[in-house]
Amino acid sequence: MDEMSFEPKILSFLCNWCAYAGADLAGISRFQYPPNTRVIRVMCSGRVDPAFIPKAFLAGYDGVMVLGCHPGDCHYLTGNIQAERKMNLTRKLLNMAGIESERLLLDWVSAGEGERFSQVVRQFIEKIRQLGSFPLNQEMRGKLHAVKASLEGEKIRWMVGKGPELLEKENVYHEHLPQEKLEEIIEGTIREELIKNRILTLVESKPLAATEISQTLKLKLNDTLTYLVSLVGEGKVGFDPSEEGKVPKYTRSV
Ligand code: FES
């Protein structure tokens with residue numbers, strides 16, 4: 001498909017109180033925007049679960065927009081701040097997995113900004129048109145499943161919810177956790193979760209030796225073994241019984 005004939009498929013999550021009303025106003029005021037987006041109305045941008053993003057790409061969308069109320073205007077006070085935290089973390093995970101995070105947009109549109117709504121939509125569709133269609137091949141599906149599993153996992157959900165609290169609260173030594181330190185912890189945790197979920201996705205389809213996993217994920221063999229030991233300890237990965245006496249192959253435990 002050439003660039004001219006490519007029509008991006010966009011999924012939009014619009015907050016009921018602002019962006020959805022902005023879209024309505026754009027329609028009434030006849031501000032033009034292309035009909036490429038499928039709209040899901042949510043009560044607040046903070047309601048958008050980060051796992052919806054990889055799910056949308058797996059379902060064949062080329063881009064995802066989350067549009068909420070301007071900072072300070074959220075009907076539920078901090079929903080848009082939570083949305084920002086969730087989408088920033090989702091972008092980090094997408095980047096780490098080698099998926100273009102520009103395909104995810106978070107922006108603010110008020111109920112009175114019909115013209116701005118049509119502008120944001122047009123600009124995003126144009127950006128996705130330049131990026132091209134989402135390359136949904138087998139490798140990419142594996143990456144998206146790993147991103148989705150990481151975002152659904154307890155560790156990352158806990159960090160999204162507790163992040164600000166960790167910054168505000170003192171530890172037992174009456175010290176505050178600096179922002180950079182928190183960022184470092186978040187980076188390390190999401191990297192670890194992503195790699196573990198990529199390993200799980202790989203061994204789910206067929207038993208693999210540590211060397212094969214390390215080559216596929218371009219990871220050092222020692223690091224791969226460390227992750228495998230941890231996954232075996234968590235009961236998520238086991239050894240393939242049919243490979244007894246040969247090089248051990250790892251498989252997904254049920
Ligand atoms: S109510 Fe609109 S972003 Fe929260």
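Every read-out reported here was derived from the displayed coordinates using simple, explicitly stated rules and does not represent laboratory data. Note that the coordinates shown come from a computational prediction; the quantities given were computed from them, not determined experimentally. Here the Cβ positions follow ideal geometry from the backbone for every residue, glycine too, while neighbour counts run over all protein chains shown.
With unit charges on the beta carbons (Lys and Arg positive, Asp and Glu negative) and the dipole taken about the Cα centre of segment 173-228, which residue among Thr189, Ile213, Thr224 sits farthest to the positive side?
Ile213
Using the scaling law 2.2 N^0.38 Å as the reference, what is the normalised Cα Rg of the chain?
Working: Rg = 21.1 Å, N = 254, 2.2 N^0.38 = 18.0 Å.
Dividing the Cα radius of gyration by 2.2 N^0.38 Å gives 1.17.
So the label point goes 7 Å from the Cα of Arg122 along Cα→C-beta, right? Which residues of segment 25-64 then have their backbone N under 17 Å from it?
Under 17 Å, as judged by backbone N against the label point of Arg122, lie 25-37 of segment 25-64.
Please report Rg over Rh for segment 77-182, where both radii come from the alpha carbon positions and Rh follows the Kirkwood definition. Walk me through the intermediate numbers first.
Working: Rg = 17.6 Å, Rh = 16.6 Å.
Result for segment 77-182 is an Rg/Rh of 1.06.
Only Cα pairs under 8 Å and at least 6 apart count here; give the relative contact order of the chain as a rounded whole percent.
Numbers: 367 pairs, mean separation 47.5, N = 254.
It comes to 19 percent, rounded to a whole number.
Between Asn16 and Arg191, what is the label-to-label distance in nm when each label sits 7 Å out along the Cα-to-Cβ direction?
4.2
Hey, if you put +1 on the Cβ of every Lys and Arg and -1 on every Asp and Glu Cβ in segment 87-217, which of Trp158, Leu89, Val120 ends up farthest toward the positive end of that dipole?
Positive-end residue among those listed: Val120.
For Lys155 and Lys206 in one chain, what is 0.36 nm times their gap in residues minus the Cα-Cα distance, to one decimal in nm? Please list the in-between numbers first.
Details: separation 51, 0.36 × 51 = 18.36 nm, distance 2.65 nm.
15.7 nm is the gain from fully extending Lys155 to Lys206.
Using a simple spin-label model with points 7 Å from Cα along the Cα→Cβ vector, what separation in nm is obtained for Asp24 and Leu225?
A separation of 6.3 nm, rounded to one decimal place.
Multiply the residue separation of Leu182 and Asn88 by 0.36 nm, subtract the distance between their alpha-carbon atoms, and state the gained length in nm to one decimal. Kindly include the intermediate steps, with their values, before the conclusion.
Values: separation 94, 0.36 × 94 = 33.84 nm, distance 1.40 nm.
The Leu182-Asn88 span can extend by a further 32.4 nm.
Can you tell me the dipole magnitude for the chain around its Cα centre, using point charges on the Cβ only (Lys, Arg +1; Asp, Glu -1), in Debye to the nearest 20? Don't skip to the end; give the middle numbers.
Values: 33 positive and 34 negative charges, 113 e Å.
Here the chain has a charge dipole of around 540 debye.
Please report the net charge: other residues with Cβ closer than 10 Å to the Cβ of Pro34, K and R +1, D and E -1. Don't jump to the answer; show the numbers that get you there.
Details: positive: Arg122, Arg129; negative: Glu7, Glu126.
That sum, taken over residues with Cβ under 10 Å, equals 0.
Give the cross-link partners of Lys155 among the lysines, using a straight C-alpha distance below 28 Å as the criterion and excluding same-chain residues fewer than 8 apart.
Lys55, Lys86, Lys92, Lys143, Lys169, Lys181, Lys196, Lys206, Lys218, Lys220, Lys236, Lys249
Highest mean first, how do 179-191, 62-74, 8-20 rank when packing is the count of other Cβ atoms within 10 Å averaged over residues?
On the way: 179-191: 13.6, 62-74: 21.5, 8-20: 23.2.
Taking the mean over residues of other Cβ atoms within 10 Å, the ranking is 8-20, 62-74, 179-191.
For helix 79-97, what angle does its Cα long axis make with the longest principal axis of the chain, in degrees from 0 to 90 and rounded to 10?
Compared with the principal axis, the helix lies near 50 degrees.
Provide the gained length on full extension for the span Val39 to Thr216, in nm with one decimal, where the gain is 0.36 nm per separating residue minus the Cα-Cα distance.
Values: separation 177, 0.36 × 177 = 63.72 nm, distance 3.70 nm.
Fully extending the segment from Val39 to Thr216 adds 60.0 nm.
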